[in-house]
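Enquirer: Below is one structure. I have some questions about it.
The values are calculated or read from the model by the stated rules, or taken from the named source; none is laboratory data. A quick note: this is a predicted structure, and the numbers were derived from the prediction, not measured. Here the Cβ is made from the backbone with ideal geometry for all residues, glycine too, and neighbour counts use every protein chain on show. For accessibility, only protein heavy atoms count, side chains too; no ligands or nucleic acids. Shrake-Rupley method; radii C 1.70, N 1.55, O 1.52, S 1.80 Å.
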Protein chains: 10
Amino acid sequence: MLFHVTMDVNIPRDLSADDRAEILAREKTYSQDLQRQGTWRHIWRIAGHYANVSIFDVRDNAELHDILSGLPLFPFMDIKVTPLLRHPSAIRDDDR
Amino acid sequence: MLFHVTMDVNIPRDLSADDRAEILAREKTYSQDLQRQGTWRHIWRIAGHYANVSIFDVRDNAELHDILSGLPLFPFMDIKVTPLLRHPSAIRDDDR
Amino acid sequence: MLFHVTMDVNIPRDLSADDRAEILAREKTYSQDLQRQGTWRHIWRIAGHYANVSIFDVRDNAELHDILSGLPLFPFMDIKVTPLLRHPSAIRDDDR
Amino acid sequence: MLFHVTMDVNIPRDLSADDRAEILAREKTYSQDLQRQGTWRHIWRIAGHYANVSIFDVRDNAELHDILSGLPLFPFMDIKVTPLLRHPSAIRDDDR
Amino acid sequence: MLFHVTMDVNIPRDLSADDRAEILAREKTYSQDLQRQGTWRHIWRIAGHYANVSIFDVRDNAELHDILSGLPLFPFMDIKVTPLLRHPSAIRDDDR
Amino acid sequence: MLFHVTMDVNIPRDLSADDRAEILAREKTYSQDLQRQGTWRHIWRIAGHYANVSIFDVRDNAELHDILSGLPLFPFMDIKVTPLLRHPSAIRDDDR
Amino acid sequence: MLFHVTMDVNIPRDLSADDRAEILAREKTYSQDLQRQGTWRHIWRIAGHYANVSIFDVRDNAELHDILSGLPLFPFMDIKVTPLLRHPSAIRDDDR
Amino acid sequence: MLFHVTMDVNIPRDLSADDRAEILAREKTYSQDLQRQGTWRHIWRIAGHYANVSIFDVRDNAELHDILSGLPLFPFMDIKVTPLLRHPSAIRDDDR
Amino acid sequence: MLFHVTMDVNIPRDLSADDRAEILAREKTYSQDLQRQGTWRHIWRIAGHYANVSIFDVRDNAELHDILSGLPLFPFMDIKVTPLLRHPSAIRDDDR
Amino acid sequence: MLFHVTMDVNIPRDLSADDRAEILAREKTYSQDLQRQGTWRHIWRIAGHYANVSIFDVRDNAELHDILSGLPLFPFMDIKVTPLLRHPSAIRDDDR
């Protein structure tokens, strides 16, 4: 089941450079693990913004919430969730 | 080059059933041709809405505009365009 | 899996009284059938508005979309969908 | 009498871990007591957000306000209140 | 129990002058009856707008909805409902 | 001459408990003095919010501004002013 | 007493050219009469818009409402009213 | 050439009383100098707000920007600029 | 003096194909004449929209308004005007 | 390929005067280098705002993002990106 998620990142200026680097490294690992498992199906940067558009493929709303609230950057993100489904005109098999 | 496009469809009630069916058939063909060519990379329905989220892979802004303004449903759509690029954490080869 | 849905109804003035009565009767039957099946878990009227707040219990986003887009009043509704999940403080068994 | 309430939580970063834990524990107890009394009829988490949708069953506006303004997290919440009533199509007895 | 209600009126231009006069007369009677009963506690015009701010004193949400949805001008109104209660600094007895 | 005023209060967290108590006591006295003089005609709490809806009866815009800008909580309030007048359907003498 | 008023004009396309010309002529006379009396103190066009910004000098809210609701173009205007007063830094005598 | 400017002032709480007094004194002098020169044609307080509506008469956009960005309170203001011109119904000579 | 103008075009569906073609031809001529004179300095299409972003170089607000309100498509456009000036970092001579 | 970019600058008050001067100097150099290369085609100040409107001519979305996210002021800017293309009525050769 697919969800469209946009994430706007807003890291506070008073976070130390070390904390910032550490949190960004954990975020990258976290995201790439989920990408490898096929759960985080797509991730794109939005031009000109510290933000991304992502597509998640999850069992249900609860799994989606666990993933999003577990993001290392979650406290610093503005998140928007949109449930998706296969479009009747889609021809690509995995755009279910 | 990737673009994120949302399309909200609002077909006027005074369009005849025939005109409506004809325009929808043309829209489907138009979309599936572009999907087959790889230009219209993804299309998903938004749950509960007569709307879709799409990803286009085009040469430039002009090609994107030609495609969107050529949509049979273009006069009845509310369109939002967001330029995308490869995310630094992406691992999937074609999410460029 | 639960979804929170608000529906604002806006029936055009030029619909005949008969068409209006017929569509409202179909809407009521449609809603009550789904309530009896346990899919449409709750429905409340919003005070002062021709609108409702509903909770749906569905298998996935696709089933939710089928139900909503099949509503007889769908063409005249402004719909907002919010995915829900069990709250960690909930004590009621069926608020999953 | 039913009210629909959404609560968005925004705990300031400069709250100590202890204060945060203590306030969250009190919030949970407060919510579960009211759930047991039947006043806080439903509570659901919104996927991807530190927020909930709740249904309250109270005597009047004053009781609702006492409950909401007494929430341990009240100073850190963005609250939206919508008065509800039984929907004419509802079949479930307690959706009054 | 008090509710604050704003009503913005938007009568369609294609309503005949007779229909318009008749609906406005019925609206006035309806409002004044409820004012005499003490249910419609206050009504003020908003300067420069075809709109009013009103205070209703009702038993519950359901009575408020019955009153508002029964307004002759209801189909042509944009209505906003806000539940009120006695303010801790109020000194006037009937501002409960 | 009547004005409708909404006041949303947002006291900063870094105000000391003493300063907070002192400012709230002054606000209460200030409001009740004006209520006794008949200038602050009504004040109601908005359910679920640290906010009020008030009706002022003043000579002119300048007097209204003097009163509002003199509120002890003025620096911490978000204020919205709407000029009112007697509604043509009003039957209550003092809703002028 | 001064009020700041913005008026956005939106004349429906189905008004006949004669009706349009007649209503615009009446609007101009109405405005110039009030300007000569000193009630409509200023009127300026907003560049690029069929809209104006005006300053009215009236006795009270009721007189302002009578003037605005009497505008021949009132049914086709979107009006916004802001109460003004003399600024403490003003040096011009009639900017009271 | 006339411009309509609204200025909302938001002085940070951590500014010392002396800095605040000094900046306000400079703002007043700055404004009154420009009023005397005829450049700052009007200034009015908005009732209930720490804000003003002003009319400037300048040579061009650059002069307007120099004046606004030179305001002592500029860093603490939210400014909105609207270009104006003589209204075809205006009768007052200097409302050009 | 430069102005930034965005124009969103919304031609009503009930305009005949001939009227539409005629008005579009006049709009093109009108725009190209002004481009040749150097008044309409730039015009770009916004990708995915029937809209443009333009830069005008005019004597004053009045000339800008004459040009915009004279556009054949003016009644069908949503226009937004922003006054510009030379940026202190600009190196291009004619970006004054 | 052209992009329209607006940048609103909001430098935090707690940045030291030296840091501020240094970052502004780097921003100016950065912008002028790109202007000289023809990539940053236009830059204008918005009257009354610490903001600019710019036109960029880049190879693709990725290059635009690299430029914008590399701006010394990027962490303090609110940026809005709009993809442009040649307008069918444009006569100027380089407005492609």
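Enquirer: Considering segment I:9-28 alone, what residues qualify as being more than 9 Å from every other protein chain (Cβ to nearest Cβ) and either open to solvent by 70 Å² or more (accessible area, probe 1.4 Å) or among the polar types (S, T, N, Q) (or both)?
Expert: Once the filter is applied, which keeps residues that are more than 9 Å from every other protein chain (Cβ to nearest Cβ) and either open to solvent by 70 Å² or more (accessible area, probe 1.4 Å) or among the polar types (S, T, N, Q) (or both), segment I:9-28 yields I:N10, I:S16, I:A17, I:D18, I:D19, I:R20, I:E22, I:R26.
Enquirer: For residues that are in contact (Cβ under 8 Å) with a residue 12 or more places away in the chain and of a type outside the set (D, E), tally how many sit in segment F:26-44.
Expert: Of the residues in that region, 10 qualify.
Enquirer: Filter segment J:7-47 down to residues that are closer than 23 Å to H:L15 by Cβ and in contact with a Phe, Trp or Tyr (Cβ under 9 Å, 6 or more places away or on another chain), then give me how many there are.
Expert: Residues flagged as closer than 23 Å to H:L15 by Cβ and in contact with a Phe, Trp or Tyr (Cβ under 9 Å, 6 or more places away or on another chain) within segment J:7-47 amount to 7.
Enquirer: Turning to a different aspect of this structure: For segment D:1-25, name all the residues that are in contact (Cβ under 8 Å) with a residue 12 or more places away in the chain and of a type in the set (D, E, K, R).
Expert: D:D8
Enquirer: While we're looking at this one, here's another question. Quick check on this structure: which one of G:D93, G:D57, G:D8 is under 12 Å from the mean Cα position of the chain (by Cα) and either closer than 30 Å to H:R36 by Cβ or hydrophobic (A, V, I, L, M, F, W, C) (or both)?
Expert: G:D57
Enquirer: Looking at (1) open to solvent by 10 Å² or more (accessible area, probe 1.4 Å); (2) within 29 Å of G:E63 (Cβ to Cβ); (3) at pLDDT 95 or above; (4) within 9 Å of another protein chain (Cβ to nearest Cβ), find the lone condition where E:R86 falls short.
Expert: All conditions are met except number (2).
Enquirer: Could I ask something else about it? Going through segment I:52-69 one residue at a time, which ones are in contact (Cβ under 8 Å) with a residue 60 or more places away in the chain and within 20 Å of G:I11 (Cβ to Cβ)?
Expert: Result: I:L68, single match.
Enquirer: Residues of segment A:39-71 being within 12 Å of chain B (Cβ to nearest Cβ) and not in a strand (DSSP E or B), which ones?
Expert: Correct list: A:A47, A:G48, A:H49, A:Y50, A:N61, A:L71.
Enquirer: May I ask you to list the residues in segment G:54-71 that are open to solvent by less than 10 Å² (accessible area, probe 1.4 Å) and not hydrophobic (A, V, I, L, M, F, W, C)?
Expert: G:S54, G:N61
Enquirer: Oh, and also: What's the total number of residues in segment D:67-96 that are over 26 Å from D:T29 (Cα atoms) and β-branched (V, I, T)?
Expert: 1
Enquirer: Of the numbered conditions (1) open to solvent by 20 Å² or more (accessible area, probe 1.4 Å); (2) under 12 Å from the mean Cα position of the chain (by Cα); (3) not basic (K, R), A:A51 satisfies every one except a single condition; which is it?
Expert: A:A51 satisfies all of (1) open to solvent by 20 Å² or more (accessible area, probe 1.4 Å); (2) under 12 Å from the mean Cα position of the chain (by Cα); (3) not basic (K, R) except (1).
Enquirer: Separate question: Name the pairs: first residue in segment F:70-83 and more than 9 Å from F:T6 (Cβ to Cβ), second residue of a type in the set (D, E) and open to solvent by 30 Å² or more (accessible area, probe 1.4 Å), Cβ to Cβ under 9 Å, at least 6 apart or on different chains?
Expert: Matching pairs, first to second residue: F:P72/F:E22; F:M77/F:D8; F:P83/G:D60.
Enquirer: Please go through segment E:1-30 and pick out each residue that is in a strand (DSSP E or B) and either out of contact with any Asp or Glu (no Cβ under 7 Å at 6 or more places or on another chain) or polar (S, T, N, Q) (or both).
Expert: E:F3, E:H4, E:V5, E:T6, E:M7, E:V9 - these are the residues of segment E:1-30 that are in a strand (DSSP E or B) and either out of contact with any Asp or Glu (no Cβ under 7 Å at 6 or more places or on another chain) or polar (S, T, N, Q) (or both).
Enquirer: May I ask you to verify whether E:D33 is within 12 Å of chain F (Cβ to nearest Cβ) and either crowded, with 21+ Cβ neighbours inside 10 Å or in a loop (DSSP other than H, G, I, E, B) (or both)?
Expert: The answer is no for E:D33.
Enquirer: Out of the residues in segment I:72-83 that are among the aliphatic types (A, V, I, L, M) and more than 7 Å from every other protein chain (Cβ to nearest Cβ), state the one that is most open to solvent (accessible area, probe 1.4 Å).
Expert: Per the stated criteria, the residue is I:M77.
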